[in-house]
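Notes for the one structure printed next.
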Amino acid sequence: MNRVTSLRAPFRPLAALMAFFASLTLTSCSRRDDYGSYTIWGALILILDVVAMIDALRQPWSLGKKILWIAIIYFLPVLGLILYYLLSGRGKA
């Protein structure tokens, strides 16, 4: 097995988990207005949440820490996004 294949294999469950969270996020009522369409702020938060979740999956952390950050971002969309970038060490050079 070459190195690329061995690196991709652990990410298959994470990709399935990410697809599940993305589908739940897209069906969330909190980002929609009375007519069922996305508000501008809701769409912006959705995009930033998905970017933060993908960023969390790419970190060299344990699986538990990745799932924890994804859950925080998902269940607390705005606060979780702020906490992720403040507490995860992503802003440090």
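Here are a few things to note about the model shown:
- Of the helices (runs of 4 or more DSSP H) that lie entirely inside region 26-93, those containing 1 or more residues that are modelled with pLDDT of 90 or more and touching a Pro at 6+ places or on another chain (Cβ under 7 Å) span 40-57.
- Any hit, region 3-21, residues being modelled with pLDDT of 65 or more, open to solvent by less than 80 Å² (accessible area, probe 1.4 Å), of a type outside the set (Val, Ile, Thr) and part of a loop (DSSP other than H, G, I, E, B): no
The values are calculated or read from the model by the stated rules, or taken from the named source; none is laboratory data. Being a predicted model, the structure only gives us computed values, none of them experimental. Cβ sites come from the backbone with ideal geometry, for glycine too, and all protein chains shown count toward neighbours. Just so you know, the surface numbers come from the protein's heavy atoms only, side chains and all, with ligands and any DNA or RNA stripped out. Shrake-Rupley method; radii C 1.70, N 1.55, O 1.52, S 1.80 Å.
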